[in-house]
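Asker: I'd like to ask some things about the structure below.
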Amino acid sequence: MKRALPVLLIFLSGCLVQSFHPFYTDKSKVALPQLNGQWDLVTAWGEDASTNVLPWQISDNEIVAYDPNSQPSKVQAVFFKLGKTLFCDTTAGNIGDTKVPWYWAWHVFPGHTVTKVETNANSLIFTPLDLDWLTNRVATGKVSLPHLDEEKSLLFTAKPADWEKFLTKYANNMDAFPTNHIYVLKRHLTAPTK
C-alpha cells in the first residue's frame, strides 16, 4: 500500500476487516475527550509517514485524516472498551463539500472497521484487525462469524454482541492485531508564541 493513504481509501480497498454491523454494543462505548485535538501522523500502514501531512483532527465522534496532498478523509469514530482493551469502530464519514460523482457515491458501502487502540497523553496507536488472519481462521473453521463470501473479500454480518465476544477473546493475539499495519500519531505541539 502507498504510505499515508487516506484512511477512507484504505477502508474501501478491502485491506481491513469490514462488517455490516458495528463491532460494539452501546454498553461498551466510552467517551475519550482527552483525545480531542490535533495529532501528527508518524506511521501510516506500518511505514514512516511523510512530514508534509497536515495534522489529523480528532473530535468526540470523528477523525479527519489527511494524505500528503492535504486531501481530507472523514470517518465517524466510536471508541469502546472490552475488559481493559480499547478499540475504535469507524465508518466512512460525511463527504461534506467534497465533490465526488453521485454515481460513484451510490456505490460506497459504509462498512464498519475496527482497530485496537493504545494511547497515553501524547501518543495514539491504531492497530487494525488483520483481514488475512481472520479470513484464514474462518476458512479453516477456527473462527465462526456470519459473513458474505465475496470474490476477493469477506463482508462480515456478525451482530455487535458476537463481535464483542470475538474481540475479547483475540484482543491480545499478535496475529489478529499485528503491528505491521499500525497507524501511530503523536499529539501535535504548536510552537509557543512570544
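Just so you know, all these numbers are worked out from the coordinates, no wet-lab data involved. Note that the structure is predicted; figures quoted are calculated from it, not measured. Neighbour counts run over all protein chains shown; Cβ positions are idealised from the backbone, glycine included.
Asker: Go through LYS81/LYS169; LYS81/LYS165; LYS84/LYS186; LYS74/LYS169 and tell me which ones have a Cα-Cα distance over 19 Å in this structure.
Answerer: LYS84/LYS186; LYS74/LYS169
Asker: Let me ask you something else. Applying a 10 Å radius around every beta-carbon, put 53-61, 74-82 in order of their mean neighbour count, most first.
Answerer: Values: 53-61: 16.8, 74-82: 19.6.
The packing order, highest mean first, is 74-82, 53-61.
Asker: For LEU86, enumerate residues with amide H under 5 Å from its amide H, sequence gap 5+ or separate chain, H modeled in the peptide plane.
Answerer: So LEU86 has HN proximity to VAL117.
Asker: Could you list which residues have their amide H under 5 Å from that of LEU54, counting only those 5 or more apart in sequence or on another chain, with H placed in the peptide plane?
Answerer: Close amide H contacts, sequence-distant or interchain: SER70.
Asker: Could you derive backbone 3J(HN,Hα) for the stretch 22-28 from the dihedral phi with the Karplus parameters 6.51, -1.76 and 1.60 (θ = phi - 60°), listing whole Hz in sequence and x where the residue is Gly or Pro?
Answerer: Values per residue, Gly and Pro as x: x, 8, 9, 10, 4, 5, 9 Hz.
Asker: Say each of LYS81 and ALA31 gets a label point 7 Å from the Cα, pointing the same way as Cα to Cβ; how far apart are those two points in nm?
Answerer: Calculated label separation equals 1.4 nm.
Asker: Could you rank the peptides 46-52, 121-127, 161-167 by their average count of other C-beta atoms within 10 Å per residue, with the highest value first? Please report the intermediate quantities before stating the final value.
Answerer: Numbers: 46-52: 13.3, 121-127: 16.3, 161-167: 19.0.
Highest to lowest by the protection proxy: 161-167, 121-127, 46-52.
Asker: I would also like to ask the following. Could you go through the stretch 76-92 in sequence order and give the Karplus-derived ³J(HN,Hα) for each residue, using 6.51 cos²θ - 1.76 cosθ + 1.60 with θ = phi - 60°, rounded to whole Hz, and x for Gly and Pro?
Answerer: 7, 10, 10, 8, 8, 10, 10, x, 9, 9, 9, 10, 9, 9, 10, 9, 4
Asker: For the stretch 154-194, what class follows from the C-alpha gyration tensor (a ≥ b ≥ c being the square roots of its eigenvalues): rounded when a/c is under 1.5, otherwise prolate if a/b is larger than b/c, else oblate?
Answerer: Values: a/c = 3.33, a/b = 2.52, b/c = 1.32.
Because a/c hits 1.5 or more and a/b exceeds b/c, the stretch 154-194 counts as prolate.
Asker: Turning to a different aspect of this structure: Using Cα centres only, tell me the gap between the stretch 30-65 and the stretch 165-179 in whole Å.
Answerer: 23
Asker: Another question, if that's okay. What spacing in nm lies between the two simple spin-label points modelled at VAL143 and GLU47, each 7 Å away from Cα in the Cβ direction?
Answerer: Going from the VAL143 label point to the GLU47 one covers 2.5 nm.
Asker: Once phi is turned into θ = phi - 60°, what whole-Hz ³J(HN,Hα) does the Karplus curve with 6.51, -1.76 and 1.60 give for every residue of the stretch 109-123, x standing for Gly and Pro?
Answerer: Ordered by residue, 3J(HN,Hα) equals 8, x, x, 7, 10, 9, 10, 7, 10, 10, 8, 9, 4, 10, 9 Hz.
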